[in-house]
Amino acid sequence: MQRQDGRSNPLQQEFDRLDKIVENSRPNIDTTDPAEVDSFRRLYNRREALRLQLSTERGPYIAQLNGMVGSYNARCASARMLKVNVDAVNADPNACMKP
C-alpha cells in the first residue's frame, strides 16, 4: 500500500512480511510440539494486531473511497452508453486492462 504522499507504509511492509511467514509456516506446524504451536500463535497474533492497526489507519480513506464510488454510481451507473463502446467491451472485456 502506498501512502497518499507516495511513500511506502512500513506497517504494510511488516504486515506483508509476517503474512508470508504465517502462510508459509502454517502447513508445516507440528501441532504436537507446544513450543512450535506457541511460536506460530505469537506470529499470527502479531500479524492480526498489524492488520487491525492498518484497518484503523485506512478508515478515513475507505470512507472517502466509498463516497466516491457512491457518487459515481449515482451519476453514471445507469447512464446510457454508445453502442460502439458497448460492442467494443463485449468484443474484448479486458481492453481497459491493457497497458
What longest region of the chain stays clear of trypsin sites (Lys or Arg not before Pro) that DSSP places outside H, G, I, E and B and that have at most 14 other Cβ atoms within 10 Å?
8-79
Can you give me the accessible area per residue for the chain, using a 1.4 Å probe, in Å²?
81
A convex hull over the alpha carbons of the chain yields, per residue, a volume in Å³ of 186
What per residue convex hull volume, in Å³, comes out for segment 22-73 when only alpha-carbon positions are used?
88
Quick one: pull the percent of accessible area on the chain belonging to carbon and sulfur, 1.4 Å probe, ligands and nucleic acids left out.
56
Show that you can apply the helix-only estimate: for the chain, add -39,500 (n - 2.57) for every DSSP H stretch of four or more residues, divide by all residues, and state [θ] at 222 nm to the nearest 500.
-24000 deg cm²/dmol
ASP30 accessible area, 1.4 Å probe, all protein chains in place, Å² to nearest 10
70
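The values are calculated or read from the model by the stated rules, or taken from the named source; none is laboratory data. On a predicted model such as this, the values are computed, not experimentally measured, just so you know. Reconstructed Cβ throughout: ideal geometry from the backbone, glycine too, with neighbour counts over all protein chains shown. Keep in mind that these areas ignore ligands, DNA and RNA; they rest on the heavy atoms of the full protein, side chains included. Shrake-Rupley method; radii C 1.70, N 1.55, O 1.52, S 1.80 Å.
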